[in-house]
Amino acid sequence: MHDPAVFRSEHLARFQAEPTVFAAPGRVNLIGEHTDYAEGFVMPAAINFATLAGISPRSDGKIAIYSENYGEERYFEAADLPAKASRHWTDYPLGVVAILAGEGLAIPGFSLSVWGDIPLGSGLSSSASVEVATALAVLEVSGASYPSSAMTGPMLARLCQRAENEFVGANCGIMDQFISANGAKDHALLLDCRDLSFRLAPIPANVALVIANTMVKHSVAGGEYTTRRAEVEAACAVIASHRPEVRFLRDATVQDLNRWGSEMTPNSLKRARHVITENLRTVAAADALAKGDLAELGRLMAEAHASYSKDFEGSCAEADTMVALAQDLPGLIGARLTGGGFGGCTINLVEQSEAQDFVEALGGRYAAQVGIVPQIHICHASGGAHRLE
Ligand code: ADP
Ligand code: MG
C-alpha cells in the first residue's frame, strides 16, 4: 500500500495545496455470477487494495486531474465540463463529476490526484474504486456532507454506476460500486440487486481471500456476454408466458424450469438453470457464513463453479484448470471463477495459516500446466470507502 503521507505530500508539491484524502476499495465476488441483471443476489467483499483520491479547492475555476498510476495530468473547466467520454482514464473521474453536476451539485474548481494499487483491468474493479473515491472527494470539495440522508452509501453507489454506464459507456451492474462504497471489514455483503437491500455475513479471521489471476481474458467475452443475456431473457419470457408475475429470473424457480424447460432452447434452459440455482446458492452461502459453516460454503462454491462452467459456459480452460489445481491443496475451503467470465481471476477461500504455501503451490502448478506465471494475491475483507485522517 502506498504511504498516504507520501501521497499527500505529492499532491501538495504538485498543486500547492493540502489535500483531503479518501480511499475506496476494490472487490472480489465470493458467489453470485450473472445474477445481477436478473435482479438477483451477489455476495462480494471489499478487499485491501484501494484507490486513494486527494482533493483540494482551486480558485481559477479549473478541474485538474492527475493519476499517479499513469503519471498524467489533465485540465478541464468546472463550468464547461466535457459532455461525453474521450476513451481516456479521465472518463472515470469526469463521469462522476458530470453525474453529480447533473444531480444539481454545484461543482467548484478543484485539483484531484488519484493513485491505486488494484491491478488495473484484472477484474478487481479498479474502475469502481476510482469512481467511488472521486465521488467522496468531489462531495467534500463541494461542501456536501456524506453520508447523510440526502446521500447514503447505496445512493452514492448508484450515482457511480450511472457514471460508468452513462458517461464512460460501460454496461456494468451495481455490485462493484455498491461494495466499494458499503463494504465492511471482515465481512462479505449479500446484496439484493432488486432493491439494493443488503446484509453483512462475517468472514472468520482465520480465512484468507486468495485471488488467483489466470492472466487470460478471452476476446469472445463481449459477444458471448450478449448471447448469454439474450438466452437468459428468452428463458424468462417462456416462464413469464405461463406466470406473468415473473419479470426476471429472480422470480423464477427450479420447478418452473421442470415444467416449461421443454419450450426453451437447450442453451436457454441451461443458462436459466445457472441463474436460478446461483441465486439460491448465493443466499445459502450468506447463511453458511452467518452460521460459521465453512464446509457448506466450500460446497456451494464448488457447485457454483460447476454451474458457471457447464450450464452457463462462462468459464474457460485456464480458469477450470486453476480451480481444479486448488482442490487438494491444504487449507482450501472453496474455489471458483469470479467475475464476468472467460478468464480473469479465481477466488479461493483458504485457511490463513496455509495461505502462503497455497499461493506458492497453486502458482507452481498453474505455471507448469498452463505455461503462464499467474499473479496470486492474499487479501482480506476490508471496510468500504472512507476519509483518511
Ligand atoms: P477493472 O475495473 O476490472 O480494474 P476496468 O477496465 O473496468 O477494469 O477499469 C480499468 C480502468 O479504470 C483503467 O483502464 C483506467 O481507465 C481506470 N483506472 C483505474 N484505476 C485508475 C487509476 N489509479 N488512475 C487512473 N485511472 C484508473
Ligand atoms: Mg471495472
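Below, the figures for the structure above:
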item	result
Estimated dipole of the range 4-201 in Debye, rounded to 20 [Cβ of Lys and Arg +1, of Asp and Glu -1, Cα centre]	140
Rg to Rh, two decimals, where the chain supplies the alpha carbon set and Rh follows Kirkwood	0.99
Coarse-grained scattering of the range 73-170 at q = 0.12, 0.23 Å⁻¹, given as base-10 log I(q)/I(0) from a Debye sum over alpha-carbon atoms	-0.35, -1.35
Per-residue [θ]222 nm for the chain (sum of -39500 (n - 2.57) over DSSP H runs n ≥ 4, rounded to 500)	-12500 deg cm²/dmol
Environment charge of G183, counting only residues whose C-beta is closer than 14 Å and scoring Lys/Arg +1, Asp/Glu -1	+1
Signed unit charges on C-beta, dipole axis of the chain, positive-most listed residue V359, F178, G298	F178
Rg/Rh for the range 4-201, where both radii come from Cα atoms and Rh is the Kirkwood radius	0.96
Among beta bridges that DSSP assigns inside the range 4-201, antiparallel share in %, nearest 5	85
Rounded to the nearest 20 debye, dipole of the range 59-164 from Cβ charges on Lys, Arg, Asp, Glu	280
Which of S59, S122 has the fewest Cβ neighbours within 10 Å, and the rest in rising order	S59, S122
In degrees, nearest ten, helix 126-141 long axis to first principal axis of the chain (Cα)	40
Acute angle (nearest 10 degrees) that the helix 91-102 long axis makes with the longest principal axis of the chain, alpha-carbon atoms	80
Amide H contacts of I118 (H built 1.01 Å from N, under 5 Å, at least 5 apart or other chain)	A50
Over 26 Å between alpha carbons, listed pairs K185/K291; K270/K291; K84/K185; K217/K310	K270/K291; K84/K185
Segment Q369-T277, length gained on full extension (0.36 nm per residue, minus Cα span)	30.0 nm
Calculated FRET value between D328 and S262, using beta carbons and R₀ = 45 Å, to 0.05	0.70
The range 9-67 and the range 167-189: distance between their alpha carbon centers, rounded to Å	11
Contour minus Cα-Cα distance for T226 and K291 (0.36 nm per residue)	19.7 nm
Helix axis angle, 153-162 relative to the chain longest principal axis, alpha carbon, degrees	90
Positive-end extreme of charge dipole, the range 4-201 - chosen from Y37, S86, P108 (charges on Cβ)	P108
By average C-beta atoms within 10 angstrom, highest first, the peptides 180-193, 250-263, 228-241	180-193, 228-241, 250-263
For the range 30-40, 3J(HN,Hα) per residue [Karplus equation, 6.51 cos²θ - 1.76 cosθ + 1.60, θ = phi - 60°, Hz, x = Gly/Pro]	6, 6, x, 10, 6, 9, 4, 7, 9, 6, x
Alpha-carbon centroids, the range 198-224 and the range 330-363: separation in whole Å	9
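Bear in mind that the values in this text are calculations on the coordinates, not laboratory data. Please read these numbers as outputs of a predicted model, since none were measured by experiment. For neighbour counting, all protein chains shown are included, and Cβ atoms are generated from backbone atoms with ideal geometry for every residue, glycine included.
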